[in-house]
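**Q** The structure is given below, and queries will be raised subsequently.
Since every read-out is calculated from the coordinates, none of them should be taken as a lab result. If you're wondering where the values come from, they're calculated on a predicted model, not measured in any experiment. Using ideal geometry, Cβ is built from the backbone for each residue, glycine included, and neighbour counts are taken over all protein chains shown.
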Amino acid sequence: MRSRTIDAIKTKIASLQRGLPKGMEIIPTYDRSELIHKSVDTLRDRLIEEFVVVTLVCALFLFHIRSALVAIVSLPLGILAAFLGHELAGLSTLTSCRWGAIAIAIGADGGCGPSS
């Protein structure tokens, strides 16, 4: 998953770099794009783990697959609704703390950034 904003900033920096006088350069010192992408990957992995755990618990202890399907379907739909709300409000959804909040909401490791 790529962020349009991050890509646009990197493109703009590259175009500014070409217009600088000889011997000058722009050196990024605070690029958190890698952290954001790792956070997205971590959240995706945790969501998959949560789906598997919910399915196993419902199947093994309740002997009821339809109960597992309710949780498996409602969790991603809730996250999708949150993303849509952010997009409609014009807010960025690719900040590491927002991903951390979602991770806390699903019971994963939480916090900002990827888990260790």
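**Q** Region 1-78: which GluC sites (Glu not before Pro) are DSSP loop and have at most 10 other beta-carbon atoms within 10 angstrom?
**A** Filter output for region 1-78: Glu25.
**Q** Obtain the nm distance between the two label points defined at Leu60 and Leu80 by a simple spin-label model: each point lies 7 Å from its Cα along the Cα-to-C-beta direction.
**A** 2.9 nm
**Q** Among the chymotrypsin sites (Phe, Trp or Tyr not before Pro) within region 1-78, which fall in a DSSP loop and have no more than 11 other Cβ atoms within 10 Å of their own Cβ?
**A** Tyr30, Phe63
**Q** Estimate the FRET efficiency between Ile48 and Ile27 by the formula 1/(1 + (r/R0)^6), using the beta-carbon distance for r and 25 Å for R0, to the nearest 0.05. Walk me through the numbers on the way to the answer.
**A** Values: r = 38 Å, r/R0 = 1.51.
Once rounded, the FRET efficiency stands at 0.10.
**Q** Also, I was wondering about something else. Determine, from the Cβ-Cβ distance of Lys38 and Leu91 and an R0 of 25 Å, the FRET efficiency 1/(1 + (r/R0)^6), rounded to the nearest 0.05.
**A** The formula returns an efficiency of 0.75 here.
**Q** Let me ask something additional. Could you give each residue of region 31-41 its phi-based ³J(HN,Hα) in whole Hz, using Karplus coefficients 6.51, -1.76, 1.60 with θ = phi - 60°, and x for Gly or Pro?
**A** For region 31-41, the Karplus-derived couplings read 9, 9, 4, 5, 4, 5, 5, 5, 5, 4, 5 Hz, x marking Gly and Pro.
**Q** Cross-link candidates for Lys22: which lysines have Cα within less than 23 Å, leaving aside residues fewer than 8 places away along the same chain?
**A** Lys10, Lys12
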